1. Could you tally the net charge around A:ASN24, taking each other residue with its Cβ under 13 Å from the Cβ of A:ASN24, Lys/Arg +1 and Asp/Glu -1?
2. Past 28 Å, Cα to Cα: identify those pairs from A:LYS42/A:LYS281; A:LYS295/A:LYS320; A:LYS288/B:LYS59; A:LYS152/A:LYS295; A:LYS178/A:LYS295, in the order given.
3. Can you tell me which aspartates and glutamates have their Cα less than 16 Å from the Cα of A:LYS20? Leave out same-chain residues fewer than eight positions away.
4. Using amide H atoms built in the peptide plane, which far-off residues or other-chain residues are under 5 Å from A:ALA113 H to H?
5. Just the Kirkwood number for region B:2-71, please: inverse of mean 1/r across all distinct Cα pairs, in Å, one decimal.
6. Within a 10 angstrom radius of each residue's Cβ in B:30-41, how many Cβ atoms of other chains show up on average? Whole number is fine.
7. Taking amide H positions as placed 1.01 Å from N in the peptide plane, with prolines and chain starts having none, which residues 5 or more places from A:LEU118, or on another chain, fall under 5 Å of its amide H?
8. So how far, in whole Å, is the C-alpha centre of region A:280-352 from the one of region A:199-277?
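Since every read-out is calculated from the coordinates, none of them should be taken as a lab result. Because the structure is predicted, anything quoted here is derived from the model rather than measured. Counting neighbours? That spans all protein chains shown, and the Cβs are built from the backbone with ideal geometry, glycine included.
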Amino acid sequence: MAILKYSNIGISGISAAVPKEKYNNLVPNDFFTEEELKSIVKKTGIKERRVASSNICASDLCYFAAKQLLKEMVIDINTIDVLIFISQTADYRMPATSIILQDRLGLPKTCAAFDINLGCSGYVYGLSLAFSLCTHNTIRKVLLLNGETRTKVYSFKDKSTGLLFGDAGAATLIERNKEAGESIFSLNSDGSGYQFIMIPAGGYRYPSSHESVKEKVFDDGSIRSDEQGIMDGSSVFSFAIQEVPQDIIKVLNESCKTINDIDIFLFHQCNKFIIDHIAKKIGIPLDKVPYSLDKFGNTSSVSIPLNIVSELYNIMYNNKITILMTGFGVGLSWATGLLKLSNPYISELIEI
Amino acid sequence: MIDKIISILEEILERNHGTINPEDEFREYPEWDSLAYLSLIAKIDEDYHLIIPREDFQKIRTIEDLANYLEK
């Protein structure tokens, strides 16, 4: 069982960047009627999303987030010993984007840099890995970057996914900290559901071709090519409401805590209907569940740090809170973490 | 059981009382869509603590079938 426990390692700073351009989900277009839009937005809670222009990549959003965080925290970049970039919208198929970012951010050559290909569970997985690396005395600071330009992945003419996703990048600095106390993570996977959320073409199983880029019309009226993302919403929903509550309870039990001991529950911002249902199912008071999906949509692994920057910015100053975070989705992959945020530096949201 | 399912569906589909019958194939209602599906699965999970697997749900045609499934 992938349960990991750490002592005195914590988050010392978080920043996030989003594109300036807003996309209003309630403006009717050739593909969605006003009525359809109202009904979908009512359920998902996603009113607005940020859309990156063609020349902005996930790595650019992460670069600006990291640059601002390191500058404002006055970090000696020579003390960053690891850079992790988590994304499914990397710059290139090779090399790894993290290595390009190491140079771009001016980090030393002694810094380890690597990418992780995970989606919605990626922040919690990444944090757990960063905490694990910090158990080594030789690792002083880990810079975790989560970036996604999911609006470039999904067709805006897809009934299931066309209104859900937004673009964002986040930077999190992790290091040893005596104030951080105990933390616990649970990491999980179930590849039997790999087809529930995927981009079928463009890899080596189904390489890009004339066929793969052709737009096709599906039974529900959706229009997309095989190079664009697909999502089986009902299967993902069943997975989420089955597995996520169990994982949250497992982490609470493992840490001998109850829902009352947690100040804030940070859910991956996928869809308000799913989050509300999970919270209600296990008795989490909704005033402990911040939302930012109405403004940014589903930003995959960026949604948790973006939610912290957007919704906890004002309450975190000189404050210590116990948080439980849970990310779930593509893979299928899901992870839950319980940790203390001990007065971390939270940078103001950056708009590019 | 059947009355409870009918009232759940009336609420989800925003249909007037008396317009849903046990032998109806609920997928045929013009209001039935993927969001209605999610609402129904969620409501059953809430009230009966049961998440109906998709493959089982696909075999359920009528409201009566659904009630029988839940009774089992």
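1. Working: positive: A:LYS22, A:LYS38, A:LYS47, A:ARG49, A:ARG50, A:LYS295; negative: A:GLU21, A:GLU34, A:GLU48, A:ASP294.
In short, +2.
2. Working: A:LYS42/A:LYS281 20 Å; A:LYS295/A:LYS320 26 Å; A:LYS288/B:LYS59 39 Å; A:LYS152/A:LYS295 18 Å; A:LYS178/A:LYS295 35 Å.
From A:LYS42/A:LYS281; A:LYS295/A:LYS320; A:LYS288/B:LYS59; A:LYS152/A:LYS295; A:LYS178/A:LYS295, over 28 Å: A:LYS288/B:LYS59; A:LYS178/A:LYS295.
3. The qualifying aspartates and glutamates are A:GLU48, A:ASP60, A:GLU148, A:ASP167, A:ASP294, A:GLU348, A:GLU351.
4. Counting only residues 5 or more places away or on other chains, the set is A:LEU83.
5. Details: mean 1/r = 0.0828 Å⁻¹.
It is 12.1 Å.
6. On the way: counts 0, 0, 0, 5, 9, 7, 2, 3, 10, 3, 0, 5.
Mean partner-chain Cβ count within 10 Å for B:30-41: 4.
7. For A:LEU118, whose amide H was placed from the backbone, the distant partners under 5 Å are A:SER87.
8. What the calculation gives is 17 Å, centre to centre.
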